[in-house]
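Notes for the one structure printed next.
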Amino acid sequence: MRHLLTLFDFSSDEIHRVLEIGNDLKSKLRTGERPSLLQGYIMGMLFEKPSLRTRVSFEALTGQLGGSSLFLGEDVGWGTREPIQDFVPILTSYLDVLVIRAKRHKDVREAIKYSRCPVINGLTDVAHPCQALADMMTVQELSLDLENTKIAFLGDSNNVTYSLAVICSKLGIQLSIASPAGYQFEDDFIQQLNQEAGRTVIEQTDDPRMAVEDAEFVYTDVWTSMGQEAENAQRLKEFADFQVNAMIMKKARKEARLLHCLPARRNEEVTADIIDSPASAVVEQAENRLHAQKGLVVWLLTGARKPVHV
Ligand code: CP
Ligand code: NVA
């Protein structure tokens with residue numbers, strides 16, 4: 001049985017396969033085909049934090065493929081009403097796949113230990129692997145020069161950045177991360193990624209202008225993530241130079257596109273004129289959550305055991 005805690009759990013071939021299944025099902029959906037690959041399967045969704053894209057895309061994809069889903073909010077009391085080791089084996093004995101959005105990454109790791117079905121990380125304080133799968137699907141689709149593409153990420157080295165860095169290192173996509181001092185990854189993590197890639201694909205700097213040089217995609221995320229609200233005022237000051245605006249976009253390739261995992265805060269991490277311009281690819285990127293996760297769920301439930309023919 002396979003789980004997705006972080007993208008370190010998947011080889012590059014497996015990531016390619018997941019995206020391939022997702023792309024295939026995306027083309028089929030465009031022509032009205034919704035193969036019943038998940039008929040009779042039940043997805044549980046255990047969410048400790050708010051969500052629009054993750055929640056709705058998982059529910060929608062399960063329905064489109066003939067399965068059903070069950071949304072479980074905090075009222076089920078995991079970790080409070082009963083401990084994870086009691087709650088998870090029971091819950092997962094009713095289900096075929098469980099998506100968890102948790103405040104603490106270690107809780108998803110622990111849930112995996114006790115789970116009887118595949119578990120998918122739907123965002124933690126450390127990682128957001130489903131977002132990175134959709135990001136990569138979007139880059140592959142929109143890049144004018146995939147072999148030589150470069151992504152610049154400006155902002156916090158957080159959960160979204162972590163998964164983006166892992167997927168870029170696995171697929172050999174250049175990524176330059178610009179974060180203020182104190183909000184960067186440990187050098188060891190960057191080194192580990194580059195070692196696994198066999199060359200330098202991930203760079204880290206505190207200079208946003210340097211990061212965006214020659215970038216085909218400029219990616220950002222909120223400066224204050226869910227759970228960090230008390231730090232908001234401080235973060236607004238510390239990230240002020242890392243805003244994606246017209247001046248920054250001018251330093252990237254002239255055809256550069258904006259990526260953002262959303263939700264966005266206009267005129268904080270990205271100015272309204274950029275997110276609302278034709279350069280913005282955020283809607284395509286968010287739509288790809290549905291298609292990339294379709295690939296993931298189908299692969300986890302069927303392909304991880306036998307070949308999938310969609
Ligand atoms: N990008 C993303 O995960 O969005 P939600 O928080 O709305 O699920
Ligand atoms: N970094 C953001 C991502 C939201 C999808 C957060 O954790 O709130």
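Only the coordinates and a few stated rules stand behind these numbers; no lab work does. Computed from a prediction, not measured in an experiment: that's the story for all the values here. Here Cβ is always computed from backbone atoms with ideal geometry, including for glycine, and neighbour counts include all displayed protein chains.
Does the stretch 137-152 contain any residue that is in contact with a strand residue (DSSP E or B) (Cβ under 9 Å, 6 or more places away or on another chain) and within 29 Å of PHE71 (Cβ to Cβ)?
Looking only at the stretch 137-152, we keep the residues that are in contact with a strand residue (DSSP E or B) (Cβ under 9 Å, 6 or more places away or on another chain), and these are 138-139, 142-143, 148-152.
Still in the list and also within 29 Å of PHE71 (Cβ to Cβ): 138.
Within the stretch 137-152, one or more residues are in contact with a strand residue (DSSP E or B) (Cβ under 9 Å, 6 or more places away or on another chain) and within 29 Å of PHE71 (Cβ to Cβ).
Test PHE58 against the criterion of being closer than 22 Å to LEU164 by Cβ and not in a loop (DSSP other than H, G, I, E, B), and give yes or no.
For PHE58, the condition - closer than 22 Å to LEU164 by Cβ and not in a loop (DSSP other than H, G, I, E, B) - is met.
Considering only the stretch 212-220, I want to know if a residue exists there that is surrounded by fewer than 21 Cβ atoms within 10 Å (Cβ to Cβ), within 16 Å of ligand 1 (Cβ to nearest atom) and under 17 Å from GLY155 (Cα atoms).
Step one: list which residues in the stretch 212-220 are surrounded by fewer than 21 Cβ atoms within 10 Å (Cβ to Cβ), which gives 213-214.
Those still in the list that are within 16 Å of ligand 1 (Cβ to nearest atom) too: none.
No: the stretch 212-220 contains no residue that is surrounded by fewer than 21 Cβ atoms within 10 Å (Cβ to Cβ), within 16 Å of ligand 1 (Cβ to nearest atom) and under 17 Å from GLY155 (Cα atoms).
Grab the helices (runs of 4 or more DSSP H) fully contained in the stretch 196-310, keeping just those with 2 or more residues being touching a Ser or Thr at 6+ places or on another chain (Cβ under 7 Å) and in contact (Cβ under 8 Å) with a residue 40 or more places away in the chain.
Helices (runs of 4 or more DSSP H) meeting the threshold: 282-298.
Scanning the stretch 20-55 for residues that are among the basic types (Lys, Arg) and within 16 Å of ligand 2 (Cβ to nearest atom), which turns out farthest from LEU300 (Cα to Cα)?
LYS49
Here is a yes/no grid of residues against (1) more than 19 Å from the chain's Cα centre (by Cα); (2) of a type outside the set (S, T, N, Q):
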position: PHE47; (1), (2): no, yes
position: ALA60; (1), (2): no, yes
position: LEU72; (1), (2): yes, yes
position: SER93; (1), (2): yes, no
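Taking interchain pairs and intrachain pairs at least six residues apart, which have beta carbon atoms under 6 angstrom, with the first residue in the stretch 41-62 and more than 15 Å from VAL97 (Cα to Cα) and the second within 14 Å of ligand 2 (Cβ to nearest atom) and among the aliphatic types (A, V, I, L, M)?
GLU48/ALA102; LYS49/MET226; ARG53/ALA286
Hey, which of the helices (runs of 4 or more DSSP H) in the stretch 95-189, taking only ones fully inside, have at least 1 residues that are of a type outside the set (A, V, I, L, M), surrounded by 24 or more Cβ atoms within 10 Å (Cβ to Cβ) and more than 16 Å from ligand 1 (Cβ to nearest atom)?
Because the criterion is at least 1 residues that are of a type outside the set (A, V, I, L, M), surrounded by 24 or more Cβ atoms within 10 Å (Cβ to Cβ) and more than 16 Å from ligand 1 (Cβ to nearest atom), the helices (runs of 4 or more DSSP H) in the stretch 95-189 that meet it are 159-171.
Does the stretch 4-27 hold any residues that are over 13 Å from GLY66 (Cβ atoms) and either of a type in the set (Lys, Arg) or in contact with a Leu (Cβ under 9 Å, 6 or more places away or on another chain) (or both), and which are they?
Selection gives LEU4, LEU7, PHE10, SER12, ILE15, HIS16, ARG17, VAL18, LEU19, ILE21, GLY22, LYS26.
Find the residue count for the stretch 85-110, including only residues that are within 29 Å of SER225 (Cα to Cα), away from ligand 2 (no atom under 16 Å from the Cβ), touching a residue at least 40 places away in the same chain (Cβ under 8 Å) and aliphatic (A, V, I, L, M).
Residues flagged as within 29 Å of SER225 (Cα to Cα), away from ligand 2 (no atom under 16 Å from the Cβ), touching a residue at least 40 places away in the same chain (Cβ under 8 Å) and aliphatic (A, V, I, L, M) within the stretch 85-110 amount to 3.
Is it true that some residue in the stretch 69-76 is surrounded by 15 or more Cβ atoms within 10 Å (Cβ to Cβ) and without any contact (Cβ under 8 Å) to a residue 24 or more places away in the chain?
no
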